[in-house]
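The values are calculated or read from the model by the stated rules, or taken from the named source; none is laboratory data. Being a predicted model, the structure only gives us computed values, none of them experimental. Counting neighbours? That spans all protein chains shown, and the Cβs are built from the backbone with ideal geometry, glycine included. To get the accessible areas, we keep the full protein, side chains included, count just its heavy atoms, and leave off ligands, DNA and RNA. Shrake-Rupley method; radii C 1.70, N 1.55, O 1.52, S 1.80 Å.
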Amino acid sequence: MAIAVVFLPLLAAVIAGFFGRAIGDRAAQLVTSGAMLLSMALGFVLFREILSHEGPQIVKLASWIVAGGIDVNWSLRLDTLSGVMILVVTIVSAMVHVYSVGYMAHDTGIPRFMAYLSLFTFFMLMLVTADNFVQLFFGWEGVGLSSYLLIGFWYDRPSANDAAIKAFIVNRVGDFAFALGIFAVFVIFGSLDFDTVFAKTPAAVGTTINFLGWQAPSLTLACILLFIGAMGKSAQLGLHTWLPDAMEGPTPVSALIHAATMVTAGVFMVARLSPMFEYASDALAVVGVIGGTTAIFAASVGMAQNDIKRVIAYSTCSQLGYMFFAAGVSAYSAAMFHLFTHAFFKALLFLGAGSVIHAMSGEQDMRRMGGLWRKIPFTYALMWIGSLSLAGIPFFAGFYSKDSILVAAWASGSAVGRYSFCLGIFTAFLTAFYSWRLLLMTFHGKPRADEDTMHHVHESPWVMLAPLFVLAAGAVLAGYLAEGYFVGHDRAAFWKQSILVLPEHDSIAASEHMHGILEFLPLIAGVLGISTAYLCYSIDPGIPARLAMQYRSLYQFLLNKWYFDELYDRLFVRTAFSLGEGLWKTGDGRIIDRFGPDGIANATRELAREASRLQTGYVYHYAFAMLIGVVALVTWYLLPR
């Protein structure tokens with residue numbers, strides 16, 4: 001059954017990708033969507049089977065690499081952690097596949113698009129079921145490749161091509177560190193198998209390894225390198241710049257890749273490697289600080305964006321920061337809980353935004369929307385559900401998971417935990433603010449689009465709305481139903497051997513004794529954020545413009561995303577272009593070509609030109625040359641030796 005869950009999407013991708021033109025658009029949609037729905041159904045059954053076992057189950061598929069002391073099998077690791085991810089990936093991917101039938105109905109490349117979606121899902125399932133670092137890297141790079149294909153799906157648009165290349169390159173930076181981390185693991189432990197590495201981890205505490213001439217703590221170095229890889233995939237501060245630009249891809253791509261699957265791979269990886277991170281406190285501190293800082297950074301930028309998809313994209317980046325700072329205080333189960341609930345409400349918001357864009361004939365700028373709620377009531381109601389969950393309002397899914405993270409961060413008692421908690425509370429305020437800013441600008445107020453566009457506004461077809469209702473059910477119920485298992489009293493039995501938390505690091509256990517105002521701060525921050533948004537965009541809509549004029553420098557700072565793109569352009573892009581141009585014109589042109597191929601060619605040409613002067617065409621010149629030759633030969637012959 002596990003094999004079917006993982007490989008059905010691959011089979012569908014092969015059929016739609018290689019035989020799409022032969023079978024047609026509708027058949028390609030049916031094959032891929034049907035395979036994903038079947039994989040989702042089998043995923044539920046598989047998850048129940050996983051919970052019935054005491055420990056992880058290993059399904060060996062084949063022997064992969066046996067060379068130079070490396071013995072790597074291609075196996076599927078089935079435990080609670082992989083089971084949760086299988087549920088998340090298959091449910092969201094199935095809904096996105098069905099939604100795409102309606103959203104991409106008029107596209108010219110339907111089989112190719114559906115094949116890319118299924119291929120991405122296969123690689124993501126390979127990643128979450130990996131039993132060793134090599135297989136993890138295989139899935140890791142596979143989702144990177146698939147995301148490149150999906151982001152650049154509309155290859156006739158230069159902006160889509162640029163975004164795909166940017167995502168690919170930025171992720172390669174993180175992946176280079178990730179590969180170095182895997183090399184470090186092999187050097188330290190002599191194995192790439194998870195169980196072997198985890199068993200040897202306690203013995204590696206206190207050991208060092210030479211890195212760039214520096215004797216670094218082995219575990220800390222390996223974990224930080226691996227986490228840098230997670231920063232790339234999960235768009236954490238510094239390697240986040242690809243995520244907003246990736247909105248150039250079709251909206252179903254945004255929901256699949258940037259809400260619930262690829263960007264959460266880094267969070268899953270840190271949770272999977274908790275037996276290593278638990279013994280590397282400095283690495284955990286780095287994870288917590290980066291996560292907390294990313295949360296506030298992305299939320300501050302999101303509140304100033306006007307593209308509906310970019311607002312939700314920065315929201316994703318911010319919520320991933322929550323997950324990472326939860327992992328940074330050893331609350332891995334809380335991080336996975338938020339990953340689980342976030343998958344539903346963020347996929348709902350992205351697909352809801354796609355429904356708005358569909359209704360507005362492709363318009364994405366919220367400044368050209370307004371007054372839509374009467375024309376698309378189902379989409380409006382579903383976007384409300386997603387926003388309530390995102391803002392952490394009781395009793396929606398996001399309330400339970402976000403609250404568990406913030407309380408655990410404070411209860412950890414560490415400086416990193418307090419730092420993350422303070423930023424997390426302020427982030428909760430900003431999250432609620434930009435969520436209701438999006439709702440009010442999009443659905444309320446006077447219509448700001450032209451009359452022709454408003455005349456054609458219509459509700460999406462049911463093939464697009466039905467997946468939204470499924471995701472909305474998750475956004476409402478997932479937190480309440482799963483809280484006891486993820487972070488409640490049943491968490492030890494639920495997670496079993498999937499996640500390791502040392503007793504002295506158990507911040508979730510410490511949070512059970514917390515009472516008082518701290519428990520209500522996230523809710524208070526959320527309510528204040530919603531109230532502020534209503535004041536600024538409903539009661540007195542002139543406030544935002546006045547504030548933008550009064551604090552123009554701050555507004556431009558947020559609107560331009562803290563100028564990270566400009567900074568990277570100056571430091572890396574222009575430097576690379578200048579270096580390339582210098583090597584081309586000076587190194588290649590003036591040195592290599594001048595003294596190499598061009599130099600030899602020029603010398604040959606000049607020699608030929610000089611020799612051609614001897615060919616005058618006059619017989620007496622040739623006779624004179626022959627006479628001179630004869631005289632020279634006779635002279636040479638008569639000279640004494």
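Observations
- Positive-end residue, the chain charge dipole about Cα centroid, Cβ charges, pick of TYR103, ALA230, HIS489: TYR103
- Entry comment: accessible area of the chain is 43 Å² per residue, from protein heavy atoms only and a probe of 1.4 Å.
- Listed residue (ILE508, CYS536, LEU558) projecting farthest to the positive dipole end of segment 488-597, Cβ model: LEU558
- Accessible area of TRP462 in the full protein assembly, 1.4 Å probe (Å², nearest 10): 150
- Residues TRP584, TRP562, ordered by accessible area of protein heavy atoms at a 1.4 angstrom probe radius and largest first, appear as TRP584, TRP562.
- Dipole magnitude for segment 519-641: computed about the Cα centre from +1 point charges on Lys and Arg Cβ and -1 point charges on Asp and Glu Cβ, it is near 600 debye.
- Hull-based mean projected area of the chain, where the convex hull spans the alpha carbons, in square nanometres: 44.5
- Cα long-axis angle, helix 521-534 against the chain (0 to 90 degrees, to the nearest 10): 80
- Figure note: TYR380, TYR620 ranked by solvent-accessible area, largest first, 1.4 Å probe, ligands and nucleic acids not counted: TYR620, TYR380.
- Modelled spin labels at THR207 and GLN497, positioned 7 Å past Cα toward Cβ, are 2.2 nm from each other.
- In segment 509-641, the portion of solvent-accessible area held by carbon and sulfur atoms comes to 70 percent [1.4 Å probe, whole percent, DNA, RNA and ligands not counted].
- In Å², nearest 10: area of GLU248 left accessible to a 1.4 Å probe: 60
- For segment 275-427, the Cβ-based charge dipole about the Cα centre amounts to some 500 debye (Lys, Arg positive; Asp, Glu negative; other atoms uncharged).
- Carbon + sulfur, % of accessible area of segment 140-238 - ligands and nucleic acids excluded, 1.4 Å: 70
- Mean separation of Cα contacts under 8 Å (6+ apart) over length of the chain, as relative contact order %: 12
- Projecting the Cα atoms of GLY181, PRO217, LEU239 onto the dipole axis of segment 158-244, where Lys and Arg carry +1 and Asp and Glu carry -1 at the beta carbon, places LEU239 farthest toward the positive end.
- The dipole here belongs to segment 124-215: it is taken about the Cα centre, uses +1 on the Cβ of Lys and Arg and -1 on the Cβ of Asp and Glu, and is about 200 debye.
- Largest-first ellipsoid semi-axes for segment 246-306, taking √(5λ) over the Cα gyration tensor eigenvalues, angstrom: 28, 18, 6
- Per residue, the average separation of C-alpha pairs within less than 8 Å and at least 6 apart gives segment 120-179 a relative contact order of 25 percent.
- Note on LEU477/ARG368: beta-carbon distance plugged into 1/(1 + (r/R0)^6) with R0 of 25 Å gives a FRET efficiency of 0.10.
- Accessible area per residue (1.4 Å probe, heavy atoms of protein chains only) ranks ARG157, ARG26 as ARG26, ARG157, with the largest value leading.
- Candidate lysines for bridging to LYS200, where Cα separation is under 22 Å - those fewer than 8 sequence places away on the same chain excluded: LYS496
- Rolled with a 1.4 Å probe across the full set of protein chains, the surface gives SER612 an accessible area near 60 Å².
- Of the solvent-accessible surface of segment 331-394, computed with a 1.4 Å probe and all protein chains present, 58% belongs to carbon and sulfur.
- The chain, helix-only ellipticity at 222 nm - DSSP H runs n ≥ 4, -39,500 (n - 2.57), divided by all residues, nearest 500: -22500 deg cm²/dmol
- Cα convex hull of segment 467-558, projected area averaged across orientations, nm²: 11.1
- Taking a straight Cα-Cα cut-off under 17 Å and skipping sequence neighbours fewer than 8 places away in the same chain, the aspartates and glutamates within cross-link reach of LYS375 are GLU363, ASP450, GLU451, ASP452, GLU459.
- Helix axis angle, 25-52 relative to the chain longest principal axis, alpha carbon, degrees: 60
- Surface/4 estimate of mean projected area, convex hull on alpha-carbon atoms of segment 330-442, nm²: 7.3
- Degrees separating the helix 281-302 axis from the principal Cα axis of the chain, which is the longest one: 80
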